[in-house]
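Asks: Submitted below is the structure of interest, expressed as structure tokens.
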Amino acid sequence: MNILVVGNGGREHALCWKIAQSSLADKIYCAPGNAGTANIAENIPINVLDINKLLDFALNNDVNLTIVGPEAPLCAGIVDIFKKNNLSVFGPDKISAQLEGSKCFSKNFMNKYNIPTAESAEFLSKDKAFEYVEEKMTTASSIVIKADGLAAGKGVLIAESLQEAQDAISTCLEGTFGEAGKKILIEEYLEGEEASILALTDGNTIIPLVPSQDHKRVGEGDTGLNTGGMGAYCPAPVVNEDLMHDIKEKVLQRFLNGIQKENLYYKGIIYAGIMVTKDGPKVLEFNVRFGDPEVQAVMTLMKSDLVDIIFKTVNGNLNEASIEWFPGSAVCVVMASKGYPGSYEKGFKISGINEAEKMGSVVFHAGTSLKDGDIITSGGRVLGVTSRDININNAISKVYKSVEKIKWDGAFYRKDIAHKAL
Ligand code: AMP
Ligand code: GLY
């Protein structure tokens, strides 16, 4: 079958890489793709939000399955439009995508279906929000302010004093995040270790993938600014058997119950960002798509045919799927541009990718493009170098040996990815 992957990050390169190994896949298209997807798919220069052009492309090129990578087109309703045109598409519809697109929608859903999460309240006005944090900060040492809408991963502010909380409220409500911040959610600060639970659902069955862990802060030891993710690994040992049992019962099963009761159309991935607190797992957020860079590690560890599984999800017979994994662990180290997650320069020539792959890693491209036959940087997160091994120590040393082969002006990476697993 012909498959269209929508997106241009490391997540989409990892998906194309896995799809390319399937005997069910004939032609793979990636829109718009990057220099990495260009090696295994045909890149189609259509923006992820140009839904009508994507639809025309799928209709005119016998696309049998479309897999949507990022949240923005899902929240904009790509699934609704493809479905209306009788195209098979992997992802939730526009209303369901609000589970990621609106933190308030998501929180209301969690509360209604008794999914454990931080206590919170929503606000449209500064006065009421100030009153709330004043009261909360008499006992709490930190509090979390979230812009309701999509803010490219920047809409969560953690305040460690009343003053910081008030500043964060003003920042959101006064328009720093545009429409996304017109409404805010203020929530209790949760302490613990984070884990990412990605699960496939066709609306009737829900199957978790191997648990993974992202590294959100830019600096070693989880210091510095929040990023889109500086590295990931799986399986994450913090999610032991008992905890997984708890997550299945209190998060995934209740999620499934909720989408059924609300009559939500959902055939895709639900990603629960979990905080493992002393009171058990609590959901920090839902995302309605694969995590990036989690999926780079997860695809590397997956043994089963992804296309078969996704097709079963879209067709509503996920109950017939069983997902097999390679033994051991997979580790993905993100190499980024100097200055990221702040401003950075682009256009630097990258060398050493082939040498890195010879060391036994897969190099997933995120922010790269081709210029005069060279691979150049074109984003903040540039590459996701990924290794798998039966032994996590070996996976870590293999991945860093590969990373050391890759050079460009201003490249940097965290040196402690997956150390929590040791
Ligand atoms: P979110 O986009 O809601 O997942 O938030 C991004 C990051 O902010 C999370 O991965 C956490 O590291 C942090 N965060 C969000 N909500 C909370 C919370 N209630 N308590 C502590 N940290 C949080
Ligand atoms: N790795 C975090 C995310 O995909 O949202």
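Asks: Residues that are free of Cβ contacts under 8 Å to residues at least 40 places away in the same chain and over 18 Å from Glu285 (Cβ atoms), at least 1 per element: which helices (runs of 4 or more DSSP H) completely within the range 56-136 meet that?
Replies: 78-84, 94-101, 126-136
Asks: Can you tell me which residues in the range 51-81 are acidic (Asp, Glu) and surrounded by fewer than 17 Cβ atoms within 10 Å (Cβ to Cβ)?
Replies: Asp56, Asp62, listed by residue number.
Asks: Let me ask you something else. Being within 12 Å of ligand 1 (Cβ to nearest atom), in a loop (DSSP other than H, G, I, E, B) and small (Gly, Ala, Ser) is the filter here; which residues of the range 150-194 pass it?
Replies: Those that are within 12 Å of ligand 1 (Cβ to nearest atom), in a loop (DSSP other than H, G, I, E, B) and small (Gly, Ala, Ser): Ala151, Ala152, Gly153, Gly155, Gly192.
Asks: Another question about this same structure. Give the residues of the range 237-254 that are free of Cβ contacts under 8 Å to residues at least 60 places away in the same chain, part of a helix (DSSP H, G or I) and within 19 Å of the chain's Cα centre (by Cα), sorted by residue number.
Replies: The answer is Ile247, Leu252.
Asks: Taking Ile169 and the conditions (1) among the hydrophobic types (A, V, I, L, M, F, W, C); (2) at positive phi; (3) buried (at least 18 other Cβ atoms within 10 Å of the Cβ), which numbered condition does it fall short on, given that it satisfies the others?
Replies: Checking Ile169 against (1) among the hydrophobic types (A, V, I, L, M, F, W, C); (2) at positive phi; (3) buried (at least 18 other Cβ atoms within 10 Å of the Cβ), the one that fails is (2).
Asks: Can you name the number of the only condition in (1) within 12 Å of ligand 1 (Cβ to nearest atom); (2) touching a residue at least 60 places away in the same chain (Cβ under 8 Å); (3) out of contact with any strand residue (DSSP E or B) (no Cβ under 6 Å at 6 or more places or on another chain); (4) over 30 Å from Val314 (Cβ atoms) that Asp222 fails?
Replies: Failing condition for Asp222: (2).
Asks: So, one more: Suppose we filter Asn263, Asn257 for residues that are in a loop (DSSP other than H, G, I, E, B), away from ligand 2 (no atom under 16 Å from the Cβ) and either surrounded by 23 or more Cβ atoms within 10 Å (Cβ to Cβ) or more than 12 Å from the chain's Cα centre (by Cα) (or both); which single one remains?
Replies: Asn263
Asks: State all residues of the range 200-234 that are assigned to a loop (DSSP other than H, G, I, E, B) and more than 16 Å from ligand 2 (Cβ to nearest atom); if no residue qualifies, say none.
Replies: If the condition is that a residue be assigned to a loop (DSSP other than H, G, I, E, B) and more than 16 Å from ligand 2 (Cβ to nearest atom), then Asp202, Gly203, Asn204, Thr205, Glu220, Gly221 are the ones that fit.
Asks: Also: Take the residues in the range 318-373 that are charged (D, E, K, R) and part of a helix (DSSP H, G or I); name whichever of them is nearest to Pro211 (Cα to Cα).
Replies: For the range 318-373, the residue satisfying everything is Glu320.
Asks: If you don't mind, another one. Please find, among Gly175, Gly192, Gly181, the residue that is within 29 Å of Ser96 (Cβ to Cβ), away from ligand 2 (no atom under 16 Å from the Cβ) and free of Cβ contacts under 8 Å to residues at least 12 places away in the same chain.
Replies: Gly175
Asks: On the given criteria, is Lys405 assigned to a loop (DSSP other than H, G, I, E, B) and charged (D, E, K, R)?
Replies: So Lys405 passes the test.
Asks: Shifting gears a bit: Counting just the residues of the range 134-149 that are of a type in the set (A, V, I, L, M, F, W, C) and buried (at least 21 other Cβ atoms within 10 Å of the Cβ), which one comes out nearest to ligand 2 (Cβ to nearest atom)?
Replies: Only one residue fits best here, namely Ala147.
Asks: Out of all the residues in the range 317-330, is one or more at pLDDT 95 or above, under 25 Å from Leu243 (Cα atoms) and within 16 Å of ligand 2 (Cβ to nearest atom)?
Replies: yes
Asks: Here's another thing I want to ask about it. Can you tell which of Ile197, Ile169 is away from ligand 2 (no atom under 16 Å from the Cβ) and aliphatic (A, V, I, L, M)?
Replies: Ile169
Asks: Which residues, counting only those in the range 1-17, are out of contact with any helix residue (DSSP H, G or I) (no Cβ under 8 Å at 6 or more places or on another chain) and more than 16 Å from Ile46 (Cα to Cα)?
Replies: Listed by number, the list holds a single entry, Asn2.
Asks: Return the pair list, or none, for Cβ contacts closer than 7 Å from residues in the range 279-297 that are within 11 Å of Pro116 (Cα to Cα) to residues that are away from ligand 1 (no atom under 13 Å from the Cβ), at least 6 apart or on different chains.
Replies: Within 7 Å, the pairs are Gly280/Asp246; Pro281/Leu243; Pro281/Asp246; Pro281/Ile247; Pro281/Lys250; Pro281/Val251; Val283/Ile115; Val283/Val251.
Asks: Would you point out the residue of the range 200-219, among those that are closer than 21 Å to Ile310 by Cβ and within 16 Å of ligand 1 (Cβ to nearest atom), that is surrounded by the most Cβ atoms within 10 Å (Cβ to Cβ)?
Replies: This residue is Ser212.
The values are calculated or read from the model by the stated rules, or taken from the named source; none is laboratory data. From a predicted model like this one, the values you see are computed outputs, not experimental measurements. As a convention, Cβ positions derive from the backbone with ideal geometry for all residues, glycine included, and neighbour counts pool all protein chains shown.
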